[in-house]
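The values are calculated or read from the model by the stated rules, or taken from the named source; none is laboratory data. Keep in mind that this is a model prediction, so the values were computed, not measured. FYI the Cβ positions are ideal-geometry reconstructions off the backbone, even for glycines, and counts take in every protein chain you see. Areas reflect the complete protein model, heavy atoms only, side chains present, ligands, DNA and RNA absent. Shrake-Rupley method; radii C 1.70, N 1.55, O 1.52, S 1.80 Å.
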Amino acid sequence: MKAELINPFLESARIVIEQVANVRPTTGQLGIKDVKFAEKYIWIQIGMTGQMEGDIVFGLHEEVALKVVSAMMGGFLITEMNDIGKSAISELSNMISGNASTMLFNQGVRVDITPPKLLHSAHAAGFNAQKALTIPLIMEGIGELDIQVLIA
């Protein structure tokens, strides 16, 4: 996998998070690691088709997800991941992936994205162990959003 494939997702995530959550994320260490789905995490999977095939998986601890949703709701405190929270966090990943696919298109790479699939547990993910290009986005006062790219 080419490392430059993650750049549109990283740039898009920075832009979208700053717009909807009013926080400017910083970038953690880019790396390749085994995809391990931990419990008490929210996973949002978006499929990619076209010239790039695979999945983008956004992972964040439930507490971080609640803080992100609260920030998206203008600071209104969200204490449990209810339907509104799940919808908001799914839409965040959809916005990031949609913007990234537009950036890729502008670079000559044609891709389509599937609707987000929210996975609330490791078991529900149904992923086999595999390697992913991964980079965390660190949101001050909120926590980390881990972007994992599983694209050939």
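Of the residues Gly31, Gly50, which single one is modelled with pLDDT under 90, out of contact with any Pro (no Cβ under 7 Å at 6 or more places or on another chain) and not hydrophobic (A, V, I, L, M, F, W, C)?
Gly31
Conditions (1) out of contact with any helix residue (DSSP H, G or I) (no Cβ under 7 Å at 6 or more places or on another chain); (2) farther than 13 Å from Ile17 by Cα; (3) modelled with pLDDT of 95 or more, marked per residue:
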site	(1), (2), (3)
Met72	no, no, no
Ile78	no, yes, no
Asn82	yes, yes, no
Lys86	yes, yes, no
Gly98	yes, yes, yes
Leu104	no, yes, no
Arg110	yes, yes, no
Leu119	no, yes, no
Ala122	yes, yes, no
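Answer with yes or no whether Val57 is assigned to a helix (DSSP H, G or I) and β-branched (Val, Ile, Thr).
no
Would you check if there is a residue in the stretch 117-133 being open to solvent by 10 Å² or more (accessible area, probe 1.4 Å), outside any helix (DSSP H, G or I) and basic (Lys, Arg)?
Within the stretch 117-133, one or more residues are open to solvent by 10 Å² or more (accessible area, probe 1.4 Å), outside any helix (DSSP H, G or I) and basic (Lys, Arg).
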